[in-house]
Structure formats: C-alpha cells, structure tokens
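Structure, as structure tokens:
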Amino acid sequence: MIEVTKLNGVKILLNPQLFEVVEETPDTVITLTTGKKIIVKESRQEIKNLVKLYRKDIFAE
C-alpha cells in the first residue's frame, strides 16, 4: 500500500495494483480499475516514485 493525501488533507492508503491511470489535470487524479477516481495532492511523478518503492519492497521480501 502507498500513502497519499486527498485534497482535504486526509491521508489514505491505496493499493497500487488497482491503479489504471494516474494523470495530472492539473490536479493528480488516480483512476482505479473499479472506475473510482481519487484526487490527491501528490504529483504524478511522486506517485510513480511511491509505486516503485512499493514494488521494490514487495520483491525484497
């Protein structure tokens, strides 16, 4: 799971395996495979880096 911040300041954990699309419009919108969209404060690049760290952590175990 990766931690992101919604626009209202609430931190949430998301499973990046459910990400379908991450786009900046200019807000960062994460679209899940379920069709749900979540707008977060982190940039697209920050999300990409968090997902890379998440995957490295999984494969290291």
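Okay, here's what the table says:
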{"quantity": "Ellipsoid semi-axes in whole angstrom, largest first, where each is sqrt(5λ) of the Cα gyration tensor of region 2-60", "calculated": "18, 13, 11"}
{"quantity": "Long-range lysine pairs (8 or more apart or interchain), the chain, Cα under 19 Å", "calculated": "12"}
{"quantity": "Difference of contour (0.36 nm per residue) and Cα-Cα distance, residue 49 to residue 17", "calculated": "10.1 nm"}
{"quantity": "Highest to lowest packing among 36-46, 6-16, scored as the average C-beta count within 10 Å", "calculated": "36-46, 6-16"}
{"quantity": "Simple label model, 7 Å out from Cα along Cβ direction - residue 58 to residue 27, nm", "calculated": "2.7 nm"}
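A short reminder: the numbers here are calculations on the coordinates, not readings from a lab. Everything numeric in this text was worked out from a predicted model, so none of it was measured. In this analysis, Cβ positions are derived from the backbone assuming ideal geometry, glycine residues included, and neighbour counts consider all displayed protein chains.
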